[in-house]
1. What number of residues within the stretch B:48-75 satisfy the criterion of being surrounded by 15 or more Cβ atoms within 10 Å (Cβ to Cβ), out of contact with any helix residue (DSSP H, G or I) (no Cβ under 9 Å at 6 or more places or on another chain) and closer than 20 Å to B:Gly104 by Cα?
2. Testing A:Trp218 on (1) assigned to a loop (DSSP other than H, G, I, E, B); (2) out of contact with any Lys or Arg (no Cβ under 7 Å at 6 or more places or on another chain), one condition comes back false. Which one is that?
3. Here are some residues: A:Pro132, A:Pro117, A:Pro141. Which one is over 15 Å from B:Asn100 (Cα atoms), facing another protein chain (nearest Cβ under 9 Å) and surrounded by fewer than 18 Cβ atoms within 10 Å (Cβ to Cβ)?
4. Please pick out the residue among B:Asn81, B:Asn90 that is within 14 Å of another protein chain (Cβ to nearest Cβ), among the polar types (S, T, N, Q) and out of contact with any Leu (no Cβ under 7 Å at 6 or more places or on another chain).
5. Just checking, how many residues over the stretch A:105-132 are polar (S, T, N, Q) and within 23 Å of B:Ala155 (Cβ to Cβ)?
6. Being out of contact with any Ser or Thr (no Cβ under 6 Å at 6 or more places or on another chain) and aliphatic (A, V, I, L, M) is the filter here; which residues of the stretch A:137-164 pass it?
7. Only one of (1) touching a strand residue (DSSP E or B) at 6+ places or on another chain (Cβ under 6 Å); (2) within 16 Å of A:Ala123 (Cα to Cα) fails for B:Met67. Which number is that?
Amino acid sequence: MSDRVFEIVTSSFMKLLIPGITVTIPLTILSFLLSLVLGLLLAVSQTANIKGLKQFSVFYIWIFRGTPLIVQLFIIFHGLPTIGIYIEAFWAAIIAFGLNLAAYNAEAIRAAILAIPEGQLEAAYMIGLSYPIAMIRIVLPQAFQIAFPSLFNNLISLLKDTSLASSITVVEMFAVVQQITGRTYEYFALYLEVAFIYLIFSTLLTFLQSYLEKKFVWKSDATKEEKRGRRRAMLG
Amino acid sequence: MLEIIGLKKSYGDNEILKGIDFKVDKGEVIAVIGPSGSGKTTLLRCISFLSNSDEGIMRLDDYECDMKSATKSEVSHLRENMGFVFQSFNLFRNMTVIKNVMEGLITARKMDKKEAKEIALEMLEKVGMLEKKDSYPDELSGGQSQRVAIARAVALNPRVILFDEPTSALDPELTGEVLDVMKKLADEGTTMVVVTHEMGFARDVASRVVFMADGYIVEEGPAKEVIDNPREERTRQFLSR
């Protein structure tokens, strides 16, 4: 690598990392929270078999899974203003990512709810819980554990997909790297560099996932401790 | 106390219950026996409204309700008087043993935590599961799970507890511990309806035996009488196997 390229790459690192932390990550977190809440509502309205809502949910998932994310992004940012609705780029991106991912999260949560044995609900009924309370107290916590890996998978996809927000003027990490390549023409090194930063972020998420998955297991502390002990013993 | 009149139930073309009259008095232990497919489990599920009935009247003391068209509030009123113990335990996997027992008291009955905990501890002691109070269901054996499930039902102090083949999912060496707990409850005067294949239990613990076959109650009477000297040919056939 020439000194010039080395100089560009090192001087760009913080320039990329900062919008990564201040824009890409908030964009990911806020969109994901939106998609989680919406996804849960869509999933529950299907499994609860509420008339009308169920059909709406099926329709919603059909639309948002069946059309490209970037097209949805453009409809919200460029399309809505023509009917008088203006949304700032950052929030337009959150809405588009949130609405889109909600469809995928809904399917993950719905499948998880269906995986919970009917007996859990029946036992809840027989101790006097109503359907909504039984869902909140018994079924959804268990379904969440099952859905967790899929939801996390979607979160990692989202992290990378936020780069599409650059196409609607959001100055996130990928937009910044494009600005720098525009000045320096060092496409290869700089795109590799930004790929590397995305990789760091998603690696951190992967660690977070395995940490949380261990926390979510319904075992008493004594059993967990014993397991750790056995593992340590095996490793010598 | 609890009475069912003319209960009918079909799944599609298959009529499972063909008109059942059934009565439980306070303090009775009724064993419901009969061959597989005779409708024993369906009977319990209809009584507890876990399955819909096609026809039938339920009376609880002076309270009467049409089982086919029972409203949500009727069902929840009737269920308040019933406990249910499932063949597959159905303990809440996301809660510790003691939380399983406290859940109905706190969430459904709005009891305060301290009082609920006291009751739960007392119930767990009764079924011999106090030591495992902070374990999760996944860490229990089948027999232990079922004893916790019994404690969960008893904690709400229902007037009758329905047991749906409580030992059928257990290894033979674990059925004893569950039957012992049930016998203890019976001795304390708990009203129980037990669908079971355990003839020994039916004979020695139940006060009355109901023999079902092909969707009918074929014969019923004092436990020892029915099991030792059945009147009906169909009952004799079943018992001689």
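1. Within the stretch B:48-75, residues that are surrounded by 15 or more Cβ atoms within 10 Å (Cβ to Cβ), out of contact with any helix residue (DSSP H, G or I) (no Cβ under 9 Å at 6 or more places or on another chain) and closer than 20 Å to B:Gly104 by Cα number 1.
2. (2)
3. Numbers: A:Pro132 fails: facing another protein chain (nearest Cβ under 9 Å); A:Pro141 fails: over 15 Å from B:Asn100 (Cα atoms).
Being over 15 Å from B:Asn100 (Cα atoms), facing another protein chain (nearest Cβ under 9 Å) and surrounded by fewer than 18 Cβ atoms within 10 Å (Cβ to Cβ) holds for just one of A:Pro132, A:Pro117, A:Pro141, which is A:Pro117.
4. Values: B:Asn81 fails: out of contact with any Leu (no Cβ under 7 Å at 6 or more places or on another chain).
When all the criteria are applied, what remains is B:Asn90.
5. Here is the first cut: in the stretch A:105-132, the ones polar (S, T, N, Q) are A:105, A:120, A:130.
After this cut, where a residue has to be within 23 Å of B:Ala155 (Cβ to Cβ) as well, the list is A:120, A:130.
Residues in the stretch A:105-132 being polar (S, T, N, Q) and within 23 Å of B:Ala155 (Cβ to Cβ): 2 in total.
6. Within the stretch A:137-164, A:Ile138, A:Val139, A:Leu140, A:Ala143, A:Ile146, A:Ala147, A:Leu151, A:Leu155, A:Leu164 meet the criteria.
7. The one condition B:Met67 does not meet is (2).
Let's see how each residue does on (1) farther than 23 Å from B:Val29 by Cα; (2) more than 7 Å from chain A (Cβ to nearest Cβ):
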| site | (1), (2) |
| --- | --- |
| B:Asp61 | no, yes |
| B:Gly104 | yes, no |
| B:Leu124 | no, yes |
| B:Met129 | yes, yes |
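The values are calculated or read from the model by the stated rules, or taken from the named source; none is laboratory data. The structure presented is a predicted model; accordingly, all values stated were derived computationally and were not measured. Reconstructed Cβ throughout: ideal geometry from the backbone, glycine too, with neighbour counts over all protein chains shown.
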